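What follows is a short report on a single structure.
The values are calculated or read from the model by the stated rules, or taken from the named source; none is laboratory data. Every value quoted in this text rests on a predicted model; they were computed, and no experiment measured them. Cβ coordinates were reconstructed from backbone atoms using ideal geometry, including for glycine residues, and neighbour counts include every protein chain displayed. To get the accessible areas, we keep the full protein, side chains included, count just its heavy atoms, and leave off ligands, DNA and RNA. Shrake-Rupley method; radii C 1.70, N 1.55, O 1.52, S 1.80 Å.
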Amino acid sequence: MKVDMSSFGEMLMSRPAGREAFMGASAYLFSDLKEGETVSLDFANVKVLAPSWADEFITGLKNKFHSKIECINTENPSVAASLKTVLEPIDVSKYQKVV
């Protein structure tokens, strides 16, 4: 399934907006999505993507549908940086304090 992310707007910002977009997509866009199906998120016309928006939408998609996520047209620096923040696992050992 391919999703035109600009259908949610050119400026995808804020956690509440990302949550609302995911809930709407879940009810309508993803209603026929099968568990584990690959979802291609197309960011071609997105000008700004905030990590909080992306986290709500992409994490929701992974958790609810256990989908494989593919992101395309991610050359925009805002999109690339936000996706890197959301999609790359955090190495918590860097932040653990040795006592």
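Before moving on, here are some points about what is shown:
- Residues satisfying the stated conditions in the stretch 21-32, i.e. of a type in the set (A, V, I, L, M, F, W, C) and under 27 Å from E75 (Cα atoms): A21, F22, M23, A25, L29, F30
- Failed condition for V99, given (1) at pLDDT 95 or above; (2) of a type in the set (A, V, I, L, M); (3) over 12 Å from the mean Cα position of the chain (by Cα): (1)
- Within the stretch 1-44, the set of residues being closer than 15 Å to G60 by Cα, touching a helix residue (DSSP H, G or I) at 6+ places or on another chain (Cβ under 7 Å) and open to solvent by 70 Å² or more (accessible area, probe 1.4 Å) comprises R15, R19, E35.
- Members of the stretch 24-40 found to be touching a residue at least 24 places away in the same chain (Cβ under 8 Å) and of a type in the set (A, V, I, L, M, F, W, C), listed by number: A25, L29, F30, L33, V39
- Within the stretch 72-88, being open to solvent by less than 70 Å² (accessible area, probe 1.4 Å) and more than 11 Å from the chain's Cα centre (by Cα) holds for I72, N73, T74, N76, S78, A80, A81.
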